[in-house]
Each structure stands twice: as structure tokens, then as C-alpha cells.
Amino acid sequence: MTESVLLFQRHVYRSVLPNGLVVLATENATADIVSARIFVRVGSLWERPEQAGLSHLMAGVMTRGTDRFSSQEIAEQVESVGASLSADAGTDYFLLSLKTVTADFPDIFNLAAQVLRSPTFPDAELELERRLTIQSICSQQEQPFAIAMEQLRHLLYQNHPYALSSLGTEATVAQLSRVDLQAHHQTYFRPDNIVVSVVGRLDPAAATALVERVLGDWQAPATALPTLTLPPIAPQPGSARTPQDTQQSIVMVGYPAPSVSHEKQVTSEPGAYSALKLLNTYLGNGLSSRLFVELREKRGLAYEVSAMYPTRLAESYFAAYMGTAPENTSIALNGLQQEIDRLCTTLLTPEELQAAKNKLLGQYALGKQTNSQIAQALGWYEVLGLGIEFDTQFQDGINAVTAESAQAVARQFFTTPPCISLVGPAEAIGKP
């Protein structure tokens, strides 16, 4: 079954192959380039605590050998035509990305399919990637922002997988084996758990036919996919503090926030995701944001200041953070809290509301210019279960936000006690 939706000023075709694999294809003839994203609906969200970092480690060795090609042979095939092929793992998905000139796309897609279906995870490559990952984990443990972010995640998520870094921990990564990677691959890498998004100078029907020719013989196992069972998210309001002899303090204030699916599921509270995206832009996105102007430009408190509201499959969070001189730690924390509280008590002016909409929608449009960006967006919408029409729905949702609805959403999510994370000199951040 194939359906078509007009997005990004061009038609996007969605097909489901007999084996359950979803294909999204759209033609963009601007440049002689084809980009593809192969999404697997599995990421660190699916990892058991004792296997934290499994997806990241798998991504590091995924392209290092198949049952037909060695790591060197894969690299030579890709580089000989100036193409790119890489793997990545996030909280909510695993991803193979490829980009080529149009003439070489069939060959590189065939190679990507080999990597997807038949990786061998060579022991030598696995050990190298393990060492590199542990080095990255150790490096993060010395970075004030990374420490503060880890503390905030633990306060917000407790025993939920989102509490952990996608890298895992030294202990978990050290004990992951090739057998673990093979079992994970066998369980989750199957056609009915995969989305292929293709964008470029290629007819959508031809792109879909190519995907079916290469991956259509891949049969889904008779066993059902494991049910994703997650512990309840029970945030622990309060503070976490790590003394560190640094030149600045990192101050973070965070609140639980809804996933992107919230708008479809909760009809009595429409627009929460859109409203929070808009408030995030107004509060902490760029040099004209409220936090930057008030706390850095006017009061001189911040070396850096921003806000974040990541799009997540499961529950997300809304946070504001600042890097500040140690002697200003307490003032900075109060300043961040006051600005978030202000969202609950003071309506955005019509000028502020429109400026935030213009900025958010402008950045959103700029993020969909290249074939790779479009392929990424389309596949991500599909993995989130939103459908290819979400592009239009999101823009409509932003335009529909009013000052009153934004304030109502702020009151809904920002009136509970926050989670606070502090990293800096002991005398500045107080006792743990």
C-alpha cells in the first residue's frame, strides 16, 4: 500500500512492503545527490541497566565488517566513489546513514543493506571501540556540563533508561560482549522494525522498488518483537551537587515535560508540545532569547545560558542552564528560576509571541533544506509514530499557540518543585 502527502513543497510517498518494512521516498532534483536514512526502532531506551551503552557500542562497530566484507573493504567501497556510510545510536532509534551521487546509490545502498543485515562485530574492532567509548566516558566525568546533565537526568528519571548516558558506564561497557551485540541485533534488527527514508534525484517509485529489491526478501521472524516495558518516571525534586575545582559553576533547573505524542493523546490539554517548543525558543534559543538578554546582557551573570526541550519518544524534560562565575552561583540559580516562574505569571506580549514563532518556524524550515535533513525528519516522524503529515501539523500547532495557552501550559508543567543540578567549587554550590 502506497500513500502520498505533499510536504516540503514536494510529494512524499509512504509504502509498507509485505515484510513490514516502511519506505518513505521523495524526489528532490536540485542536486545530483541521494541521501537515505535507515532507522531501526531501537535505542538506549530498550537497554537493560546492566547493558547500558549497548546501542552506542554496536553503532561503533556496525560498519566494521559483514559476512561478505571486511572493515577495509567496506571503507574502500564507500570512499572509492566519494560516498558516506555511518551508523549512530540515540535514545529512541538506531540509524544507518548514507549519501551518494545518484549513479552510485544502488551500489552503496546494497552495501548498507549488507551492514544492516549481516554485521559480524569483529572482536578486534569491538575491543578498539570499547576502549574509545570508555575514554569518552572518563572524559565526560571531567566535564562540568556533562556532570551537571547526568545529575539532572538522574533526578528527573531515576530508574528509567533516560537517566543514563547513551554511552553507558565504564562498568557496563567493559562487560558487553560480541554475543550481546549479536543477540541484540537478532532481536531488533528485522524488517518489520525498520523505516527507510530516501530523498534525492531519484523517482519515488524507483526508490521504493530498489529498497524492495534489496530488502524485500528479508522475512520477519514469526516471534513478536519484545514488549518495551519501562519503569514509571518518578522525578525527585530537589538538588544534586558535585564539587569541582572549576573556573565557573554550571547551574541547571529542570522539570518533567511531555513527549511529542502528548498532543495526540491528551485532547483536554491541546498544544502542550507546541507551546513548550515555543516557550523554549522564547526563553533560551539564541542571542535574542529572554535568558540571554536578561541574565547575560543586562545583568552580566552568564558565560553561557540556554534552555532545552528535546523531542522524545517517551516523557521528555524542559530545562534551563547557565555557566556563571562561582561567586554568582546563587544569584544565577535564582535568576533562572525567576525567569521560568515568570512564564507562569506574565503573558508574552504580542510582539514576543510573534518573534518566537518566527524564529522557531524559520529555524525549522532551515533544518529541512538538504536531502539528508529531509530524510532524517521524515524517518524520525515515522519512528515517533506521528506520520509524514506531522510536518504540517507541527507548523499549524506553533501558529495556533496563543499567549494564554502558552501560559496555561507553563503553569501546568512549571509550578511543581524543580530538579536542580549544580557543579562548581564547593564554597559556591554548597553542601551536597
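The values are calculated or read from the model by the stated rules, or taken from the named source; none is laboratory data. Bear in mind that the values here come from a model prediction, so they are computed numbers and not experimental data. Cβ sites come from the backbone with ideal geometry, for glycine too, and all protein chains shown count toward neighbours.
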>> Restricting to segment 302-320, count the residues that are closer than 22 Å to Ala406 by Cα and part of a strand (DSSP E or B).
In response: 9
>> Taking the conditions exactly as written (farther than 29 Å from Ser35 by Cβ and in a helix (DSSP H, G or I)), does Asp192 satisfy them or not?
In response: no
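I need the full set of residues from segment 287-307 which are touching a strand residue (DSSP E or B) at 6+ places or on another chain (Cβ under 7 Å) and β-branched (Val, Ile, Thr), in order please.
Listed by number, the list holds a single entry, Val305.
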>> For a quick check of your reading of the model, give me the residue pairs whose first member lies in segment 24-44 and is farther than 30 Å from Leu228 by Cβ, whose second is aromatic (Phe, Trp, Tyr), with beta-carbon atoms closer than 8 Å and at least 6 apart or on different chains.
In response: Val34/Phe105
> So how many residues does segment 333-357 have that are more than 21 Å from Phe318 (Cβ to Cβ) and among the polar types (S, T, N, Q)?
Replying inline: 2
> Looking only at segment 346-362, which residues are touching a residue at least 40 places away in the same chain (Cβ under 8 Å) and assigned to a helix (DSSP H, G or I)?
Replying inline: Pro350, Glu352, Leu353, Ala355, Ala356, Lys357, Lys359, Leu360
> What is the number of the single condition among (1) farther than 30 Å from Gly385 by Cα; (2) within 20 Å of the chain's Cα centre (by Cα) that Gln135 does not meet?
Replying inline: (2)
> From Val81, Val34, which residue is closer than 19 Å to Pro106 by Cα and touching a Phe, Trp or Tyr at 6+ places or on another chain (Cβ under 7 Å)?
Replying inline: Val34
> Taking segment 58-76 on its own, how many of its residues are within 12 Å of Pro119 (Cβ to Cβ) and part of a helix (DSSP H, G or I)?
Replying inline: 6
> Counting only residues that are in a helix (DSSP H, G or I) and either in the same structural domain as Arg153 (by TED's automatic domain parsing) or within 30 Å of Leu21 (Cα to Cα) (or both), how many does segment 379-425 have?
Replying inline: 13
>> Looking at Ala171 and the list (1) farther than 20 Å from Gly65 by Cα; (2) surrounded by 15 or more Cβ atoms within 10 Å (Cβ to Cβ), which single condition is not satisfied?
In response: (2)
> What number of residues in segment 192-216 are of a type in the set (Val, Ile, Thr), crowded, with 24+ Cβ neighbours inside 10 Å and over 16 Å from Arg117 (Cα atoms)?
Replying inline: 2
> Would you call Asp88 in contact (Cβ under 8 Å) with a residue 60 or more places away in the chain, surrounded by fewer than 19 Cβ atoms within 10 Å (Cβ to Cβ) and in contact with a strand residue (DSSP E or B) (Cβ under 8 Å, 6 or more places away or on another chain)?
Replying inline: no
> Within segment 150-193, which residues are under 30 Å from Pro18 (Cβ atoms), touching a residue at least 24 places away in the same chain (Cβ under 8 Å) and either touching an Asp or Glu at 6+ places or on another chain (Cβ under 8 Å) or of a type outside the set (A, V, I, L, M) (or both)?
Replying inline: Gln182, His184, His185, Thr187, Tyr188, Phe189, Arg190, Pro191, Asp192, Asn193
>> Exactly one condition in (1) outside any helix (DSSP H, G or I); (2) buried (at least 18 other Cβ atoms within 10 Å of the Cβ) is false for Glu125; which is it?
In response: (1)
>> Can you go through Leu111, Leu57, Leu116 and tell me which one is assigned by TED's automatic domain parsing to the domain that holds Gln186, out of contact with any Ser or Thr (no Cβ under 7 Å at 6 or more places or on another chain) and closer than 30 Å to Thr229 by Cβ?
In response: Leu116
> Considering only residues of segment 56-83 that are surrounded by 14 or more Cβ atoms within 10 Å (Cβ to Cβ) and of a type in the set (Gly, Ala, Ser), which is farthest from the chain's Cα centre (by Cα)?
Replying inline: Ser70
> What number goes with the only condition from (1) out of contact with any strand residue (DSSP E or B) (no Cβ under 7 Å at 6 or more places or on another chain); (2) assigned to a strand (DSSP E or B); (3) at pLDDT 95 or above that Ala25 does not pass?
Replying inline: (1)
>> For the list (1) out of contact with any Lys or Arg (no Cβ under 9 Å at 6 or more places or on another chain); (2) surrounded by 17 or more Cβ atoms within 10 Å (Cβ to Cβ); (3) at pLDDT 95 or above; (4) among the hydrophobic types (A, V, I, L, M, F, W, C), I need the number of the one condition that Ala272 fails.
In response: (3)
> So which residues in segment 321-345 are outside any helix (DSSP H, G or I) and either acidic (Asp, Glu) or more than 13 Å from Ser306 (Cα to Cα) (or both), if there are any at all?
Replying inline: Ala325
>> Any residue that is surrounded by 21 or more Cβ atoms within 10 Å (Cβ to Cβ) and among the β-branched types (Val, Ile, Thr) - is there at least one of those in segment 102-113?
In response: yes
